[in-house]
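None of the figures in this text is laboratory data; all of them are computed from the coordinates on show. If you're wondering where the values come from, they're calculated on a predicted model, not measured in any experiment. Virtual Cβ from ideal backbone geometry, glycine too; neighbours counted across all protein chains shown.
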Amino acid sequence: MNFSLALQQLNWRTIYTIPQGTVIPKGRTNSTYKTITIAAGNIQERFGCYAWSDTVNICYCESFADDYSGGRFDSNFQGRVHNYLQNHRISDAGHKNTNLMVFEKINASLQNNSVALYLLTFASLQIDNAIVSFSSFTNDSDLVQSVEQLLICIYRWYGQCQWNRM
């Protein structure tokens, strides 16, 4: 079965840019953690897609499609960003969880570049003749996760999303 899919007026909205040379220590008391999580807490969309980017490439693309409302977070996006900066584990086999891996890659990239956190926005999502508004999209975790996978595939095709695991 054939179908078409198009994001109309796609935009990566800058949420926060971490300046080159910054070192982000693990810990909630550092000013960088506070600044980034406050910026993420201002995002009130329930679900969505986001990216970490250096000055040239989308390095990592992901979605926030879990509900953090039972926690101490102002938004689901804030809960997700908090995990990158704090929720680090290494398995018994020595494998780093995604949060720790991205945290380390952000810090490594900051040695040579600024790193920005972006939120995906768009005017509408067209699937064949059906139109999905951005506000409807942000309330459908399945659709958000599907668009996330599509974005990762497209950006990899362009040689980006190098931090995303295969």
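Helical runs assigned H by DSSP (4 residues or longer) give the chain a calculated mean residue ellipticity at 222 nm of -10000 deg cm²/dmol, each run adding -39500 (n - 2.57) before division by the residue total. Any idea how far the Cα center of segment 83-114 sits from the one of segment 37-60, in Å? Their Cα centres are 16 Å away from one another.
Computed on the chain, with alpha-carbon pairs under 8 angstrom and 6+ residues apart, the relative contact order is 36 percent.
Once the piece of chain linking SER114 and GLN44 is laid out straight, how much longer is it, given 0.36 nm per residue of separation minus the C-alpha distance between them?
Here the answer is 22.7 nm.
May I ask you to compute the full-extension gain from ASP92 to ASN2, defined as 0.36 nm times their residue separation minus their alpha-carbon distance, rounded to one decimal in nm?
27.9 nm
The residues neighbouring ALA108, those whose beta-carbon lies less than 14 Å from its own, together hold a net charge of 0 under the Lys/Arg +1, Asp/Glu -1 convention. Legend: helices of the chain (whole DSSP H runs) are marked when their alpha-carbon atoms reach 18 angstrom or more along the helix axis and their mean Kyte-Doolittle hydropathy is at least 0.0; marked are 141-157.
Electrostatic tally near TYR60: other residues with Cβ closer than 13 Å to its Cβ, Lys and Arg +1, Asp and Glu -1, net 0.
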